[in-house]
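Presented below is the structure to which this report refers.
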Amino acid sequence: MRGRFITIEGTEGVGKTTNIEYIKQWLDDHAISYVSTREPGGTPLAEEIRQVLLANREEKVCSKAELLMMFAGRAQHIDQVIEPQLAKGNWVLCDRFTDATYAYQGAGREMGDELIKSLETMVQGAMRPDLTLVLDVPVELGLERAGNRSEPDRFEREKTDFFNRVRQAYLSMATNNPQRYKIIDASQSLEHVQLQIEAALTSFLQKDHNG
């Protein structure tokens, strides 16, 4: 039986790293075999592309160049990690996937969806995540949290308006497809956030077992 593909999405400072650890523990507790990965990245080549994408630089990065690098890394990631693991029956837990491209490049960079859709079809075919958890916090709170972590990368240096567009794109995607997306209110205490995540995963697992 083919594995399940779960993605975690959200703007800066929503707590993805902490909550992915929680999800990994949940999968362990349910004796589900899985791999945990991330985008951009996930393979040696794709991690090199990630470094290029996130590095602060004086040269302005063309939005189309950024988009193509995202999908170049994704093509490698799917070919080397995601598809082989799913085919083996393992679940794949991924920190960001194509929804992030729609949010950051499509909405944040105001590129629109048309080019992204064509690249998505070329690189992924019909493959889409089975469940996407969108960790949501108000942009100002997220940026405040992210600012306490480390030196900001090229994306984290964007203005508040950029991140508001990103957040709204995530919320729109989730609203338009409630079968796949679950919005998690990540502004609450960690305990309450993880209760929401547990409920979403439990519901997904029950539906999966029931076919």
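A short reminder: the numbers here are calculations on the coordinates, not readings from a lab. Remember, predicted model here, so these are calculated numbers, not experimental data. Neighbour counts are summed over all protein chains in view; Cβ atoms, including those assigned to glycine, are modelled from backbone coordinates with ideal geometry.
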TODO: Only residues that are assigned to a helix (DSSP H, G or I) and acidic (D, E): list them for the stretch 1-52, please.
DONE: E21, D28, D29, E47, E48
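For (1) touching a residue at least 40 places away in the same chain (Cβ under 8 Å); (2) buried (at least 18 other Cβ atoms within 10 Å of the Cβ); (3) β-branched (V, I, T); (4) out of contact with any strand residue (DSSP E or B) (no Cβ under 7 Å at 6 or more places or on another chain), each residue gets a yes or a no:
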| position | (1), (2), (3), (4) |
| --- | --- |
| L45 | no, no, no, yes |
| V61 | yes, no, yes, yes |
| E66 | yes, yes, no, yes |
| D79 | no, no, no, yes |
| Q85 | yes, yes, no, no |
| Y104 | yes, yes, no, yes |
| L115 | yes, no, no, yes |
| A126 | no, no, no, yes |
| T132 | yes, yes, yes, no |
